[in-house]
Amino acid sequence: GAGVSQSPRYKVAKRGQDVALRCDPISGHVSLFWYQQALGQGPEFLTYFQNEAQLDKSGLPSDRFFAERPEGSVSTLKIQRTQQEDSAVYLCASSPSTEAFFGQGTRLTVV
Amino acid sequence: AQSVSQHNHHVILSEAASLELGCNYSYGGTVNLFWYVQYPGQHLQLLLKYFSGDPLVKGIKGFEAEFIKSKFSFNLRKPSVQWSDTAEYFCAVNLISGGYNKLIFGAGTRLAVHP
């Protein structure tokens with residue numbers, strides 16, 4: 001496809017359940033970012049990949065959050081033992097250099 | 001810590017009114033500056049960007065922004081808004097450090113334009 005694709009678009013998880021969110025970046029984009037956007041807030045940086053290397057994970061809120069990009073293209077954000085405060089829209093963006101292109105996001109609701 | 005501040009969380013205007021949304025950032029190094037827009041139900045889209053050169057940059061749909069380095073500001077302007085400009089606007093700063101980028105966003109300004 002032409003843009004960044006994220007799946008699923010919506011996810012409802014019971015508290016304590018593990019979830020995996022997928023991001024298909026634009027082909028050839030070296031950089032990949034994950035952001036968390038809570039209701040009424042701006043996107044908050046979670047982590048950054050350059051190809052398969054995770055260069056910055058300073059924004060991951062706890063060790064329950066884990067991201068990977070094993071072959072330098074598709075990325076997965078995994079959240080273990082979800083809690084209600086994890087409810088948010090999770091955005092993925094890819095970039096060839098300095099301009100980022102965003103996906104539609106995955107809206108996660110933890111009940 | 002690096003941060004981006006947007007002064008107004010909600011702005012309500014009538015069509016044809018002029019718009020200015022404030023954005024300030026706190027980072028002393030090299031930055032690239034962006035404004036993104038999010039229309040209802042859609043993903044974030046780039047409105048305009050500043051990398052270097054002329055500090056007055058023009059974007060899509062008649063928007064422009066001015067980079068004032070001494071004030072660490074990058075305010076967004078439009079002379080005459082339309083109903084279709086109703087959206088949420090995010091200022092973002094790309095911190096260039098150690099050979100990689102880190103895009104930091106402000107909290108956003110929700111703009112409602114009434115016909």
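State whether the residues of the range B:86-94 include one that is away from chain A (no Cβ under 11 Å) and farther than 16 Å from A:THR98 by Cβ. Yes.
Which residues, taken from the range B:60-72, are open to solvent by 30 Å² or more (accessible area, probe 1.4 Å) and outside any strand (DSSP E or B)? Selection gives B:ILE60, B:LYS61, B:GLY62, B:LYS69, B:SER70, B:LYS71, B:PHE72. Just to be sure I understand, how many residues within the range B:45-59 are in contact with a Phe, Trp or Tyr (Cβ under 9 Å, 6 or more places away or on another chain) and surrounded by 13 or more Cβ atoms within 10 Å (Cβ to Cβ)? Adding up the residues that qualify gives 9. Taking the range A:66-111 as the range and being within 12 Å of chain B (Cβ to nearest Cβ), under 16 Å from A:LEU21 (Cβ atoms) and open to solvent by 40 Å² or more (accessible area, probe 1.4 Å) as the test, the residues that pass are A:GLN104, A:ARG107. When you go through (1) free of Cβ contacts under 8 Å to residues at least 60 places away in the same chain; (2) away from every other protein chain (no Cβ under 13 Å); (3) assigned to a strand (DSSP E or B) one by one for B:ILE12, which number turns out not to apply? Of the numbered conditions (1) free of Cβ contacts under 8 Å to residues at least 60 places away in the same chain; (2) away from every other protein chain (no Cβ under 13 Å); (3) assigned to a strand (DSSP E or B), the odd one out for B:ILE12 is (1).
Any residue in the range B:62-79 that is over 14 Å from B:CYS91 (Cβ atoms) sitting within a Cβ distance under 6 Å of a residue that is modelled with pLDDT of 95 or more and among the polar types (S, T, N, Q)? List the pairs, counting only those 6 or more apart or interchain. The qualifying pairs are B:PRO79/B:SER18. For the range B:15-44, taking the residues that are assigned to a strand (DSSP E or B) and open to solvent by 50 Å² or more (accessible area, probe 1.4 Å), the one that is farthest from B:HIS114 (Cα to Cα) is identified as B:SER26.
When you scan the range A:25-65, how many residues do you find that are β-branched (Val, Ile, Thr) and open to solvent by less than 40 Å² (accessible area, probe 1.4 Å)?
Taking the range A:25-65 as the starting set, the residues that turn out to be β-branched (Val, Ile, Thr) are A:26, A:30, A:47.
Checking which are open to solvent by less than 40 Å² (accessible area, probe 1.4 Å) leaves us with A:26, A:47.
Qualifying residue count, the range A:25-65: 2.
Remark: pairs (first residue in the range A:51-64, within 9 Å of another protein chain (Cβ to nearest Cβ) and free of Cβ contacts under 8 Å to residues at least 24 places away in the same chain; second residue among the basic types (Lys, Arg) and open to solvent by less than 80 Å² (accessible area, probe 1.4 Å); Cβ separation under 8 Å; 6+ apart in sequence or on different chains) = A:ASP56/B:LYS102.
Only one of these is over 21 Å from B:TRP35 (Cβ atoms), among the hydrophobic types (A, V, I, L, M, F, W, C) and over 11 Å from the mean Cα position of the chain (by Cα): A:ALA20, A:ALA67, A:ALA53, A:ALA100. Name it.
Working: A:ALA20 fails: over 11 Å from the mean Cα position of the chain (by Cα); A:ALA67 fails: over 11 Å from the mean Cα position of the chain (by Cα); A:ALA100 fails: over 21 Å from B:TRP35 (Cβ atoms).
Result: A:ALA53 is the single residue among A:ALA20, A:ALA67, A:ALA53, A:ALA100 that is over 21 Å from B:TRP35 (Cβ atoms), among the hydrophobic types (A, V, I, L, M, F, W, C) and over 11 Å from the mean Cα position of the chain (by Cα).
Every residue, every condition in (1) at pLDDT below 95; (2) within 11 Å of the chain's Cα centre (by Cα), yes or no:
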site	(1), (2)
B:HIS43	yes, no
B:GLY53	yes, no
B:GLU64	no, yes
B:SER70	yes, no
B:ALA112	no, no
B:PRO115	yes, no
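The values are calculated or read from the model by the stated rules, or taken from the named source; none is laboratory data. Because the structure is predicted, anything quoted here is derived from the model rather than measured. FYI the Cβ positions are ideal-geometry reconstructions off the backbone, even for glycines, and counts take in every protein chain you see. Areas reflect the complete protein model, heavy atoms only, side chains present, ligands, DNA and RNA absent. Shrake-Rupley method; radii C 1.70, N 1.55, O 1.52, S 1.80 Å.
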